[in-house]
2 protein chains.
Amino acid sequence: MSPVIAQDIQPTNRLFEQIIAKRDFDALDRVYTKDARILPPGAPTISGRENIKSFWRTAVDSLGVSAGKLETVEFEATGDTGFEIGRGRLDFVSGAASLEVKFVVVWKREDGAWKWDVDIWNTLS
Amino acid sequence: MSPVIAQDIQPTNRLFEQIIAKRDFDALDRVYTKDARILPPGAPTISGRENIKSFWRTAVDSLGVSAGKLETVEFEATGDTGFEIGRGRLDFVSGAASLEVKFVVVWKREDGAWKWDVDIWNTLS
């Protein structure tokens with residue numbers, strides 16, 4: 001099996017962007033592992049994919065997010081685990097200034113697919 | 001070589017706490033890899049150990065940090081890379097309320113020692 005590289009994880013990141021644009025949160029099944037953890041700024045850690053779906057549904061609705069965009073800065077995998085450093089941007093329906101974030105995602109291979117297992121981010125400025 | 005577990009990384013985390021308490025920032029050589037990256041909230045990514053030393057020196061001075069405390073919540077290693085999820089607390093000389101954070105650290109074995117290679121955190125509330 002050839003090593004997993006940054007290019008290989010792009011489909012999952014594009015899927016996340018589509019989910020935000022279409023508000024199709026059930027498709028997060030294909031982004032996060034079953035027992036994933038997210039660490040959002042200003043809140044406790046949220047564990048488990050169902051809770052993570054609720055978080056994104058609520059956050060996108062309450063903030064009025066119109067689009068999300070992710071960019072991989074670094075990616076490295078060893079065995080069935082990898083980590084990514086990236087940048088992200090959220091746009092808003094109100095036309096308010098975009099929110100720029102940076103993030104670290106720990107990736108895991110689960111049932112043959114590479115998914116986000118740990119997801120933490122914070123603001124760029 | 002037996003697998004690296006959460007207990008094995010505790011001396012490095014205790015060293016970080018001592019560095020903050022003693023303001024001995026040069027000892028961060030034993031905490032961060034040479035090419036480490038930190039992703040502090042509200043700021044761009046900082047790369048390289050010397051720049052990271054400057055960051056902590058300035059942050060501890062300007063915020064008046066009196067103590068830092070780290071707690072490992074999860075740790076898992078594969079080969080020479082691992083990741084940790086944790087909680088942290090900063091106390092202040094002013095007696096102001098402590099700052100509670102959560103973090104993800106990507107650990108790397110460098111020259112035989114396990115060190116922080118990527119360090120990102122955000123606030124708990």
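So how many residues does the stretch A:84-102 have that are surrounded by 18 or more Cβ atoms within 10 Å (Cβ to Cβ) and under 14 Å from A:ASP119 (Cα atoms)?
Summing the residues that are surrounded by 18 or more Cβ atoms within 10 Å (Cβ to Cβ) and under 14 Å from A:ASP119 (Cα atoms) in the stretch A:84-102 gives 6.
Hey, can you tell me all the residues within the stretch A:9-39 that are not in a helix (DSSP H, G or I) and not aromatic (Phe, Trp, Tyr)?
Filtering the stretch A:9-39 down to residues not in a helix (DSSP H, G or I) leaves A:23-24, A:31-39.
Hits for the stretch A:9-39 are A:ARG23, A:ASP24, A:VAL31, A:THR33, A:LYS34, A:ASP35, A:ALA36, A:ARG37, A:ILE38, A:LEU39.
With respect to A:VAL105, is the statement that it is within 17 Å of B:VAL105 (Cα to Cα) and either away from chain B (no Cβ under 12 Å) or surrounded by 14 or more Cβ atoms within 10 Å (Cβ to Cβ) (or both) true? Walk me through how you get there before you give the answer.
Numbers: within 17 Å of B:VAL105 (Cα to Cα): yes; either away from chain B (no Cβ under 12 Å) or surrounded by 14 or more Cβ atoms within 10 Å (Cβ to Cβ) (or both): yes.
Taking the combined requirement at face value, the residue satisfies it.
Quick one: how many residues across the stretch A:1-60 are farther than 27 Å from B:GLY42 by Cα, away from every other protein chain (no Cβ under 14 Å) and in contact (Cβ under 8 Å) with a residue 60 or more places away in the chain?
4
Exactly one of (1) facing chain A (nearest Cβ under 9 Å); (2) not in a strand (DSSP E or B) is unmet by B:ALA97. Its number?
Just one mismatch for B:ALA97, condition (1).
Among the residues of the stretch B:77-91, which ones are touching a strand residue (DSSP E or B) at 6+ places or on another chain (Cβ under 6 Å), assigned to a strand (DSSP E or B) and within 14 Å of another protein chain (Cβ to nearest Cβ)? Before the answer, list the steps.
Keep residues of the stretch B:77-91 that are touching a strand residue (DSSP E or B) at 6+ places or on another chain (Cβ under 6 Å), which gives B:78-91.
If we keep only those that are assigned to a strand (DSSP E or B) as well, we get B:78, B:81-91.
Those that are touching a strand residue (DSSP E or B) at 6+ places or on another chain (Cβ under 6 Å), assigned to a strand (DSSP E or B) and within 14 Å of another protein chain (Cβ to nearest Cβ): B:THR78, B:THR81, B:GLY82, B:PHE83, B:GLU84, B:ILE85, B:GLY86, B:ARG87, B:GLY88.
Is there a residue in the stretch A:76-83 that is over 19 Å from B:GLY86 (Cα atoms), modelled with pLDDT under 95 and surrounded by fewer than 15 Cβ atoms within 10 Å (Cβ to Cβ)?
Scanning the stretch A:76-83 turns up at least one residue that is over 19 Å from B:GLY86 (Cα atoms), modelled with pLDDT under 95 and surrounded by fewer than 15 Cβ atoms within 10 Å (Cβ to Cβ).
Just checking, how many residues over the stretch A:16-46 are surrounded by fewer than 13 Cβ atoms within 10 Å (Cβ to Cβ) and of a type in the set (Gly, Ala, Ser)?
1
So which residues in the stretch A:47-58 are surrounded by fewer than 20 Cβ atoms within 10 Å (Cβ to Cβ), touching a helix residue (DSSP H, G or I) at 6+ places or on another chain (Cβ under 9 Å) and among the aromatic types (Phe, Trp, Tyr), if there are any at all?
Result: no residue meets the conditions.
The values are calculated or read from the model by the stated rules, or taken from the named source; none is laboratory data. It should be emphasised that the depicted structure is a prediction, and the values quoted were computed from it without experimental measurement. Virtual Cβ from ideal backbone geometry, glycine too; neighbours counted across all protein chains shown.
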